[in-house]
Amino acid sequence: MPLITLRQLLDHAAEHDYGVPAFNISNMEQGLAIINAAQACDAPVILQASLNVRYDYAGDRMIVGIVQALADMYPNNPICLHQDHGHNERDCISAIGAGFTSAMMDGSLMGDGKTPSNYAHNVDITGRVAKTAHWIGASIEGELGVLGSLETGDAAEEDGSGAKGKLARDQLLTDPDQAAQFVSETKVDALAIACGTSHGAYKFTRAPDGDTLSIEQIEAIHKRLPQTHLVMHGSSSVPQHLQDLINEFGGEMPQTWGVPVEEIERGIRYGVRKVNIDTDCRMAMSGSMRRFAKENPQSFDPRAFIRAAMDELEILVRDRFERFGTAGHGRKIKSIPVAQMAQRYADGTLDPVVTPA
Ligand code: G3H
Ligand code: 13P
Ligand code: ZN
């Protein structure tokens, strides 16, 4: 089956009240482990690649080739190939040109990917990128608000994309009225919001509560924008058993807390349709490789180490498909080619619906 667009997939998820995990990948083995889990659960999936993966680690030819091969090999599991955190027009349009069916234009940050931007910059660049992508039929995710800690005010600089320095509380929580204005001005297909989550393993210094992780903010945004697909970044749960696994076999991870899966489930009830997960996958793989190395000191075949990592990743991914309600929907969706999606954008049938304040 051809790769599916983010818009088509999230429209289906909204219609049937479920969330879709978006897993970051950088290699074939992650892709295979995730699609095997998708097949076992009959789930569609979003596979996303960061700029680091596209420009440095693997390259577009490798990532697009891997994901297209997976789509051919697993025709009953719709796959959206999405670019995570683009910084400018070039990042997003070149991804679509390379075969991605969706891209994130993260205009919450300036082109350096570090400095928080202003609304005018964000709306201008995101709107222009969405218009160009929609001509081709690809989807665009925008972001309003800046990821970071409500506990400390620290921006989410650690790991991958993120701002630097201290942020005010109103930057760390997306404003519902501004979100409505942003969606109607940019026509984005999905909106990433800020609610206290951040990238990486060190999100909270204790189990989060309503002050440090604001699902209420998601509820308020959803009330104002019931038709818009919301995206939760920084949604790794940093499971205790994976922290223990890493530490038991030689790692040194200080105790930390992530986003509890039940809080993500609450978010899904309030319109979260795309749930970004990278850190948990990294922990599952590296922790199980550590264990394999310790338990099999004679082994030197890298496939055996990577197989152990894939097995642990598959367990994690299956759990998220089940918990987010994605399981059982794979075979129900037939992907619409991007050219047909382009026609729908041209007809205006995919224009955002924003209810009056
Ligand atoms: O957005 C952050 C992701 O975890 C990507 O991380 O740039 O190291 O691939 P990366
Ligand atoms: P985590 O670091 O919580 O996995 O978040 C990943 C993410 O949001 C990628 O865009
Ligand atoms: Zn992110």
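Restricting attention to the range 246-272, the residues being more than 16 Å from ligand 1 (Cβ to nearest atom), in a loop (DSSP other than H, G, I, E, B) and under 15 Å from the mean Cα position of the chain (by Cα) number 1. May I ask you to list the residues in the range 210-245 that are polar (S, T, N, Q), buried (at least 20 other Cβ atoms within 10 Å of the Cβ) and part of a loop (DSSP other than H, G, I, E, B)? 214, 228, 235, 236, 237 - these are the residues of the range 210-245 that are polar (S, T, N, Q), buried (at least 20 other Cβ atoms within 10 Å of the Cβ) and part of a loop (DSSP other than H, G, I, E, B). Counting only residues that are of a type in the set (Lys, Arg), part of a helix (DSSP H, G or I) and in contact (Cβ under 8 Å) with a residue 60 or more places away in the chain, the range 273-318 holds 1 of them.
Restricting 81, 70, 144 to residues that are within 16 Å of ligand 2 (Cβ to nearest atom) and either over 21 Å from residue 280 (Cβ atoms) or free of Cβ contacts under 8 Å to residues at least 40 places away in the same chain (or both) narrows the list to 144.
Of all residues in the range 4-24, those being open to solvent by less than 20 Å² (accessible area, probe 1.4 Å) and either closer than 19 Å to residue 133 by Cβ or more than 16 Å from ligand 1 (Cβ to nearest atom) (or both) number 10. The residues of the range 176-209 that are charged (D, E, K, R) and outside any helix (DSSP H, G or I), listed by number, are 187, 189, 203, 206, 209.
For the range 71-87, the set of residues classified as away from ligand 1 (no atom under 16 Å from the Cβ) and either buried (at least 24 other Cβ atoms within 10 Å of the Cβ) or within 22 Å of residue 112 (Cβ to Cβ) (or both) consists of 77, 78, 79, 80, listed by residue number. Regarding residue 144, is this residue at pLDDT below 90 and within 25 Å of residue 264 (Cα to Cα)? Judged against the criteria, residue 144 is not a match. Here's a check for you: in the range 112-141, which residue that is open to solvent by 30 Å² or more (accessible area, probe 1.4 Å), assigned to a loop (DSSP other than H, G, I, E, B) and within 29 Å of residue 62 (Cβ to Cβ) is modelled with the highest pLDDT? Restricting to residues being open to solvent by 30 Å² or more (accessible area, probe 1.4 Å), assigned to a loop (DSSP other than H, G, I, E, B) and within 29 Å of residue 62 (Cβ to Cβ), the top hit is 112.
For the range 25-44, the criterion of being within 14 Å of ligand 1 (Cβ to nearest atom), farther than 14 Å from residue 79 by Cβ and modelled with pLDDT of 95 or more is met by at least one residue. Candidates 144, 167, 109: the one that is within 16 Å of ligand 3 (Cβ to nearest atom) and either open to solvent by 40 Å² or more (accessible area, probe 1.4 Å) or in contact with a helix residue (DSSP H, G or I) (Cβ under 6 Å, 6 or more places away or on another chain) (or both) is 144.
Within the range 209-225, no residue that is free of Cβ contacts under 8 Å to residues at least 24 places away in the same chain sits with its Cβ atom under 9 Å from a residue that is open to solvent by less than 10 Å² (accessible area, probe 1.4 Å) and in a helix (DSSP H, G or I) at 6+ positions apart or across chains.
Being touching a His at 6+ places or on another chain (Cβ under 7 Å) and surrounded by 14 or more Cβ atoms within 10 Å (Cβ to Cβ), is that true of even one residue in the range 252-261? No, that holds for no residue.
Every residue, every condition in (1) at pLDDT below 95; (2) open to solvent by 20 Å² or more (accessible area, probe 1.4 Å), yes or no:
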position: 306; (1), (2): no, yes
position: 309; (1), (2): no, no
position: 314; (1), (2): no, yes
position: 319; (1), (2): no, yes
position: 325; (1), (2): no, yes
position: 332; (1), (2): no, yes
position: 343; (1), (2): no, yes
position: 346; (1), (2): no, yes
position: 355; (1), (2): yes, yes
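The values are calculated or read from the model by the stated rules, or taken from the named source; none is laboratory data. This structure is a prediction, so every number in the text was calculated from the model and none was measured. Glycine gets a Cβ as well: all are built from the backbone with ideal geometry, and neighbour counts include every protein chain shown. Heavy atoms of the whole protein, side chains included, go into the accessibility calculation; ligands, DNA and RNA do not. Shrake-Rupley method; radii C 1.70, N 1.55, O 1.52, S 1.80 Å.
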